[in-house]
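A short worksheet on the structure shown next.
The values are calculated or read from the model by the stated rules, or taken from the named source; none is laboratory data. Please read all numbers here as calculations on a predicted model, not as lab measurements. FYI the Cβ positions are ideal-geometry reconstructions off the backbone, even for glycines, and counts take in every protein chain you see. Note: accessible area is taken over every heavy atom of the protein model, side chains too, but ligands, DNA and RNA are not part of it. Shrake-Rupley method; radii C 1.70, N 1.55, O 1.52, S 1.80 Å.
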Amino acid sequence: METTELKVEMVSIHEKKLRKCLSKLRGIEKVEVDGNSEKVAVMGYAHRNKILKAVRRAGLKADFWSAQNELLNAYATSSLQNMRFNNFFYF
């Protein structure tokens with residue numbers, strides 16, 4: 001069984017759409033969605049290019065997860081936490 005990790009730009013309403021499009025593929029065993037980091041882990045026997053193609057056909061912007069995404073996500077969350085004061089954001 002192979003794990004494919006994707007970075008998918010989404011909001012909470014897209015999670016249902018994402019799970020629906022991936023459930024139609026053969027060989028998908030499990031789908032884990034992390035909304036905070038926009039990371040999707042798909043476990044199963046489907047080819048990774050077919051998984052990416054299915055997500056893009058659903059109208060979601062997606063790409064394969066890389067180590068650079070981990071660094072960018074860590075930087076973005078730390079900078080947002082520094083800007084927060086009394087549950088309000090200042091820009």
Query raised in the report: Can you tell me which residue in segment 39-72 is modelled with the lowest pLDDT, limited to those that are part of a loop (DSSP other than H, G, I, E, B) and open to solvent by 50 Å² or more (accessible area, probe 1.4 Å)?
Result: GLY59
Report task. May I ask you to list the residues in segment 39-60 that are of a type in the set (Lys, Arg) and free of Cβ contacts under 8 Å to residues at least 12 places away in the same chain? Result -> LYS53, ARG56
Requested in this report: Of all residues in segment 11-31, count the ones that are β-branched (Val, Ile, Thr) and exposed (fewer than 13 other Cβ atoms within 10 Å of the Cβ).
Outcome: 2
